[in-house]
Amino acid sequence: MGIVSWLVLGLIAGVIAKVLLPGRDPGGLVGTTLIGIVGSFIGGWLSTKFLDKPIPKDFFEPSMWIAAIAGSLVLLIAYRLLFGNSRERR
């Protein structure tokens, strides 16, 4: 898979993570998209490093999608915990 495929996977994983974890994010749509892309890279890296799972070459490999969505969810939760109150209305 090329870098463009990884970016598309991250974008879709970010959207899925946002649907699974609705609410207001401090970064808005752009921030959530970037979190999805970074989270998919982190999820993929962690699955290869700790689960001894090689990076699949097929874009539609279910294990790759699960790792990308899980990484996006974890990063989105961490981002909300760190910066969640920064956009409160006063």
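The values are calculated or read from the model by the stated rules, or taken from the named source; none is laboratory data. Note that this is a predicted model, so its numbers are computed, not measured. Every residue, glycine as well, gets a Cβ built from its backbone with ideal geometry; the counts of neighbours run over all protein chains shown.
Table: residues versus (1) out of contact with any Leu (no Cβ under 8 Å at 6 or more places or on another chain); (2) within 19 Å of ARG80 (Cα to Cα); (3) hydroxyl-bearing (Ser, Thr, Tyr); (4) in a loop (DSSP other than H, G, I, E, B).
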residue: ILE12; (1), (2), (3), (4): yes, no, no, no
residue: ILE16; (1), (2), (3), (4): yes, yes, no, no
residue: ILE37; (1), (2), (3), (4): no, yes, no, no
residue: GLY43; (1), (2), (3), (4): yes, yes, no, no
residue: THR48; (1), (2), (3), (4): yes, no, yes, no
Residue within the stretch 4-17 that is surrounded by fewer than 17 Cβ atoms within 10 Å (Cβ to Cβ), in contact with a helix residue (DSSP H, G or I) (Cβ under 9 Å, 6 or more places away or on another chain) and among the polar types (S, T, N, Q) present: no
Has the stretch 51-59 got at least one residue that is modelled with pLDDT of 80 or more, surrounded by fewer than 21 Cβ atoms within 10 Å (Cβ to Cβ) and either out of contact with any Cys (no Cβ under 9 Å at 6 or more places or on another chain) or among the acidic types (Asp, Glu) (or both)? no
